[in-house]
1. Quick check on the stretch 41-64: of everything there that is within 23 Å of residue 17 (Cα to Cα) and surrounded by fewer than 12 Cβ atoms within 10 Å (Cβ to Cβ), which residue is nearest to the chain's Cα centre (by Cα)?
2. Looking at the stretch 153-177 only, could you name the residues that are touching a residue at least 24 places away in the same chain (Cβ under 8 Å) and surrounded by 13 or more Cβ atoms within 10 Å (Cβ to Cβ)?
3. Looking at (1) closer than 23 Å to residue 60 by Cβ; (2) in a helix (DSSP H, G or I), which is the one condition that is false for residue 5?
4. Can you confirm whether residue 24 is touching a residue at least 12 places away in the same chain (Cβ under 8 Å) and under 27 Å from the mean Cα position of the chain (by Cα)?
5. Restricting the stretch 132-152 to residues that are surrounded by 12 or more Cβ atoms within 10 Å (Cβ to Cβ) and modelled with pLDDT of 70 or more, which is farthest from residue 200 (Cα to Cα)?
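The values are calculated or read from the model by the stated rules, or taken from the named source; none is laboratory data. This one's a predicted model, so the numbers in the text were calculated from it and none came from an experiment. When we count neighbours, we look across all protein chains shown, and the Cβ atoms used for this are built from the backbone with ideal geometry, even at glycine.
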Amino acid sequence: MLTEAQVRTAIANGIKFVNRTREPYGLWFMGMMYLRFKIPEFADALKRYDEEIAARPKQAPVLRVLRRLLDARNPLQPDDWDHLKIHTDQILAAALYCDRLGLREYYAEHQAEWKAAAATNPTIQTNLSTIETLLQNNATFATVNNFTKYRGNFYATYSAYSGKFAGLQGGGGVNLVGPAKVGSGVTSFDYLYAKSYYLLTAHIGYTFKIGKSSLLVQLNVNNLLNENKPVALSYGNYRVGGIATNPNNFVPNAFRFNDPRQAILTARITF
């Protein structure tokens, strides 16, 4: 098991290794990682990407299109889009272009102002509805469903090999499951979560000596505390009174339950 210091060292070495690249797509990825997660070592990745655009005139049109996915202010040449010949590039650009980083924040910043104007201007209202639908349906870079914020397992066992309790063993542990993303709200980035929970497990056993053989009798108990709270699987939405102008309310609409407490008695003989 790695210590925290060893994990940090391994991550730092990995970042240092990939940060040496001059490959444009690698630099683009590091630029995205900096914008999303503020990894300081990648702060100049887009600057280096721009240098590669200048150094690769044949690839420059495609690289400029991809560059704008991370920064809408980055200029394009009139025929840059025409250089997207590979189908996967065309699909990627079309899918991501409307979901460039910063668009959601910009929309959220001006939403109240625009909605006030839309109250008396049907054209603005139509445009806002189009943008909201676009943001809701485009899930690029969004966290996938069933992804948990954290998860961990711990189990410890003690066995006595001598003395008064020789042959006795016992142990216990916990399975921690953090909040899991199971849906989205108005947009794909308004994450909705199932609540966290934990399950306890324990066992006790004793080894009997029978001549040259040994018999282990062991009792295992899963879900020791019989945790039976429902775990949300998805969310549904409704508007009070079914009135379209009322805000959307999101509530869990499907659930699962953890297996109830289970006791298992086993016997194993060794010759």
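1. Within the stretch 41-64, the match that is nearest to the chain's Cα centre (by Cα) is 47.
2. 167, 168, 169, 170, 171, 172, 173, 174, 175, 176, 177
3. (1)
4. Values: touching a residue at least 12 places away in the same chain (Cβ under 8 Å): yes; under 27 Å from the mean Cα position of the chain (by Cα): yes.
Taking the combined requirement at face value, the residue satisfies it.
5. Filtering first and then ranking leaves 132.
Matching residues to (1) surrounded by 14 or more Cβ atoms within 10 Å (Cβ to Cβ); (2) without any contact (Cβ under 8 Å) to a residue 60 or more places away in the chain; (3) farther than 29 Å from residue 182 by Cβ:
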{"site": "202", "(1), (2), (3)": "yes, yes, yes"}
{"site": "208", "(1), (2), (3)": "no, yes, yes"}
{"site": "212", "(1), (2), (3)": "no, yes, yes"}
{"site": "219", "(1), (2), (3)": "yes, yes, yes"}
{"site": "224", "(1), (2), (3)": "yes, yes, no"}
{"site": "228", "(1), (2), (3)": "no, yes, no"}
{"site": "233", "(1), (2), (3)": "yes, yes, no"}
{"site": "238", "(1), (2), (3)": "no, yes, no"}
